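Undergrad: Shown below is the structure under consideration.
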Protein chains: 4
Amino acid sequence: MKRDKPKYKQIVDAAVIVIAENGYHQAQVSKIAKEAGVADGTIYLYFKNKEEILISVFREKMGDFVEIVKNAIKKEITATEKLYEMIDSHFRWLHGDRHLAIVTQLELRQSNKDLRYRINEVLKEYLVLLDSILKEGIEKGEFDEKIDIRLARQMVFGTIDETITSWVMNDQKYDLLKLAPEVHRLILNGMKS
Amino acid sequence: MKRDKPKYKQIVDAAVIVIAENGYHQAQVSKIAKEAGVADGTIYLYFKNKEEILISVFREKMGDFVEIVKNAIKKEITATEKLYEMIDSHFRWLHGDRHLAIVTQLELRQSNKDLRYRINEVLKEYLVLLDSILKEGIEKGEFDEKIDIRLARQMVFGTIDETITSWVMNDQKYDLLKLAPEVHRLILNGMKS
Amino acid sequence: MKRDKPKYKQIVDAAVIVIAENGYHQAQVSKIAKEAGVADGTIYLYFKNKEEILISVFREKMGDFVEIVKNAIKKEITATEKLYEMIDSHFRWLHGDRHLAIVTQLELRQSNKDLRYRINEVLKEYLVLLDSILKEGIEKGEFDEKIDIRLARQMVFGTIDETITSWVMNDQKYDLLKLAPEVHRLILNGMKS
Amino acid sequence: MKRDKPKYKQIVDAAVIVIAENGYHQAQVSKIAKEAGVADGTIYLYFKNKEEILISVFREKMGDFVEIVKNAIKKEITATEKLYEMIDSHFRWLHGDRHLAIVTQLELRQSNKDLRYRINEVLKEYLVLLDSILKEGIEKGEFDEKIDIRLARQMVFGTIDETITSWVMNDQKYDLLKLAPEVHRLILNGMKS
DNA sequence: AATGAATGAGGCTTCATTCAT
DNA sequence: TATGAATGAAGCCTCATTCAT
């Protein structure tokens, strides 16, 4: 509701900051309202309840991201290159917003089953994109035709996710972007024909 | 404290069941006490607070598991074989205790930052074991000497973890054990020299 | 204030409908505004606060009703006949507006002490009318001269009120109007000389 | 639950006092707890929620009262005498507990539809008792055989209720007990054969 | 060692009212 | 006059922990 109003975005952005700085369980609605510079009640003109704020955080940000990835891989020709762009833009995305990185990798995972289920719905779009790259690679003969798409997807996503989580848990001390080529190489080798 | 008393184990086992069946946020101390067949207050004779119960769940169970893996790989000669044994016994471990699988893959991740930090401490022993296999593989020339150990570890752990989580999220419908060879192959290819 | 403007009546009528359909506690100002086809803020150009709307509902409607009763009994000669007309027109009034019946018998009674006190002020006009009939009946020898006017009034009003409330609580299933003669007879007997 | 524990009664009694002194809408759980001399949370060991406290107030008190009436009319022989005892003990009951009188006549009526529905369930026992007296009176020829039991019940209850409410609204200034004979006479005349 | 009744802090949400336009 | 977006106070309930027995 009213997702195009400026305050909607204001509140979502405030939620990212508050969750990142205080943790999921300490992100009270009143803190988010204060950070957004609105009254507590105003939150409920834009979101049905607290859970909806959190869903929106993920949906808005992940939505932006899927667009970025789609654009990034559009320019590429081979599945191998597309895979590289996906890894690199995923890294670049969270590297560019340290608060968001904390939220997606650590805090949002503390949500309850229902919320995580709904987050997975949003994630699906990303995984579908990944699947299409994998299928293309197999068809073109770039990847081994014997690989199980589901397992390959889990390897790719699991590796990327684990790499980013480690980076966040180490306080984003080292340069995540530099890891992209090696992660790409590890993943690719696993699927080479 | 008093970890050798029978009630200690009774409470830890009760916690696994209660968390698996009710979810992390619905696992009240009183429920755990009831499942363990003791009074609420008794819990606090064995655990300083609720967080300690959850830590213990992970420490006790993961401790058992690390032992299992250590024994499993002892018999093997090559790093490649050891890696296979690690994957297979990891799958076998959680395949054999559906409650524990839910708890490690879904519920315990909803805990707060502090708790997850301490869980990672316990995980370290597992990761150290993994690192030693990777190093051995490189030294023996089984794996590519150019791979970054940290990244390789993240790929291996990320892939295994993501595979198990997917299996749990799909209600453990399909046979996890059958996936071990293919997961092994995917991972191995990524590191082959 | 501004009771003669068309929007005033519009809002009062909307309040009756909203309260009847949603219940007293679910009759938010915004719902009344919507039903009346005006903006929330407009309500406050015509009413000081929400309580004033509710008072007005009763005052306007009860005002109409007292006029109706006055006219109805004007034609009658004996106090006995006037009493019958009062009962019959009371029944007829609420029988003709099912929303209003719900509001006066059930919903408005959920208001707080202050509001109920002010409603009683409005009711007084009705009770004064009733008292005058009772006095007239005593003076004319139709009713027992020994009856306590206050108690008699309470019996008459209590009986009528309880009868209507029962009818509303039974979802207005049976014909209220048919009960008038018997209610009249019961009441009258109580006061006969 | 645990209705026989002393704290259950303690809380119910505290609720009567708090509601009478502050009004239904100002009777916060915390006030009731304070008046009862227990912690807020303790309330919830004895009552599922706030509504259950209010139901219990009525059920416990009305339950006591129905017993009193049953005992009072047991000694009487005629329906006429029984009716007098019912009126007199009803008056005597609320005359003896000014807080309870305010609660039953004014405050509890502000509750929402659900609560009032459940209160009516409790009231039913009283009305059944009243019906049995009326039937007995008709069978014995004390009351007119042509009267409609339902209407007669509404007259009796309506008159008693209205009389007590008036007394409470007038701050219990006059002596309610003295009104019993006249109320009895008014009611009785209405039903005499 | 064991019990379990009692404690009390803490947060999401609603909605009457305001006020800039 | 009319609007409607924004405000912010206020309360029910849960549950980890304690402590008298």
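Undergrad: Can you pull the one-decimal nm distance between simple spin-label points at D:T42 and D:Q28, each 7 Å off the Cα toward Cβ?
TA: Computed distance between label sites D:T42 and D:Q28 equals 1.9 nm.
Undergrad: Oh, and also: Mind checking the dipole of segment C:51-191: about its Cα centre, +1 per Lys or Arg Cβ, -1 per Asp or Glu Cβ, Debye to the nearest 20?
TA: 60 debye
Undergrad: Out of the chymotrypsin sites (Phe, Trp or Tyr not before Pro) in segment B:88-193, which ones are loop residues according to DSSP with at most 16 other C-beta atoms within 10 Å?
TA: Sites meeting the loop and neighbour criteria: B:Y174.
Undergrad: Helix-only estimate, please: 222 nm mean residue ellipticity of chain D, summing -39500 (n - 2.57) across DSSP H runs of length 4 or more and dividing by its residues, to the nearest 500.
TA: Dividing the helical sum by the residues of chain D leaves -23500 deg cm²/dmol.
Undergrad: Apply the Debye scattering formula to segment B:3-155, with a single equal point scatterer on each alpha-carbon and no solvent, then give log10 I(q)/I(0) at q = 0.09, 0.10, 0.13 Å⁻¹.
TA: These q points yield log10 I(q)/I(0) values of -0.35, -0.43, -0.66.
Undergrad: Would you please state which residues of segment D:25-67 a label at D:Q10 would reach in this model, taking the label point 7 Å out along Cα→Cβ and a backbone N cut-off of under 15 Å?
TA: D:32-47
Undergrad: Here is a further query. Give me the percent of Cα-Cα pairs in segment A:71-193 that sit more than 21 Å apart, rounded to a whole number.
TA: 41 percent
Undergrad: Can you tally the net charge around D:Y84? Count Lys and Arg as +1, Asp and Glu as -1, for every other residue whose Cβ sits under 13 Å from the Cβ of D:Y84.
TA: Once positives and negatives cancel, what remains is -2.
Undergrad: Moving on. Among A:K178/B:K192; C:K82/C:K124; C:K178/D:K146; B:K50/D:K31; B:K9/B:K50; A:K124/B:K31, which pairs are too far apart, with a Cα-Cα distance over 24 Å?
TA: B:K50/D:K31; A:K124/B:K31
Undergrad: While we're on this one: Within straight cross-link reach of B:K5, meaning Cα distance under 17 Å, which lysines are found once same-chain residues fewer than 8 apart are removed?
TA: Hits, sequence-local ones excluded: B:K48, B:K61.
Undergrad: Probe 1.4 Å, all protein chains in place: accessible area of B:H90 in Å², nearest 10?
TA: Only protein atoms counted, so the area is about 10 Å².
Undergrad: Note the buried accessible area between A and B here, summed over both chains, with a 1.4 Å probe, in Å² to the nearest 100.
TA: 3000 Å²
Undergrad: Something else about it: Once amide H atoms are built 1.01 Å from N in the peptide plane, which residues 5 or more positions from C:K192, or in another chain, come under 5 Å H to H?
TA: Placed amide hydrogens put C:D144 under 5 Å from C:K192.
Undergrad: At 1.4 Å probe size, put B:M169, A:M86 in order of accessible surface, largest to smallest.
TA: B:M169, A:M86
Undergrad: Give the ranking of B:L151, A:L127 by solvent-accessible surface, highest area first, calculated with a 1.4 Å probe. Don't skip to the answer; put the middle values down first.
TA: On the way: B:L151 0, A:L127 40 Å².
Greatest to least solvent exposure: A:L127, B:L151.
Undergrad: Given a 1.4 Å probe, show me the residues in segment B:96-127 buried by at least 50 Å² of accessible surface when comparing the whole protein assembly to the chain alone.
TA: With the partner chains in place, segment B:96-127 has these residues losing at least 50 Å²: B:Q110, B:K113, B:R116.
Undergrad: Which loop-located GluC sites (Glu not before Pro) does segment A:14-90 contain, where loop means any DSSP state but H, G, I, E or B and the Cβ has at most 16 other Cβ atoms within 10 Å? Spell out each step's value before the answer.
TA: On the way: sites: A:E21, A:E35, A:E51, A:E52, A:E60, A:E67, A:E76, A:E81, A:E85; in loops: A:E76.
Here the sparse-neighbourhood loop sites are A:E76.
Undergrad: Could I ask something else about it? Residues of the protein assembly as shown: accessible area per residue at 1.4 Å, in Å²?
TA: Values: 34900 Å² over 772 residues.
With all protein chains present, the protein assembly as shown gives 45 Å² per residue.
Undergrad: Which GluC sites (Glu not before Pro) does segment C:140-183 hold that lie in a coil by DSSP with at most 12 other beta carbons within 10 Å?
TA: Passing sites in segment C:140-183 are C:E145.
Undergrad: How well do other chains shield peptide A:179-187, expressed as the mean number of their Cβ atoms within 10 Å of each residue Cβ?
TA: Mean shielding count: 5.
Undergrad: Is any residue of segment B:65-98 close enough, with backbone N under 13 Å, to a label point placed 7 angstrom from the Cα of B:E136 along the Cα-Cβ axis, and if so, which?
TA: B:69-87
Undergrad: Leaving out ligands, DNA and RNA, and with a 1.4 Å probe, what % of the accessible surface on chain B is carbon or sulfur?
TA: On the way: 4480 of 8730 Å².
That share works out to 51 percent.
The values are calculated or read from the model by the stated rules, or taken from the named source; none is laboratory data. Because the structure is predicted, anything quoted here is derived from the model rather than measured. In this analysis, Cβ positions are derived from the backbone assuming ideal geometry, glycine residues included, and neighbour counts consider all displayed protein chains. To get the accessible areas, we keep the full protein, side chains included, count just its heavy atoms, and leave off ligands, DNA and RNA. Shrake-Rupley method; radii C 1.70, N 1.55, O 1.52, S 1.80 Å.
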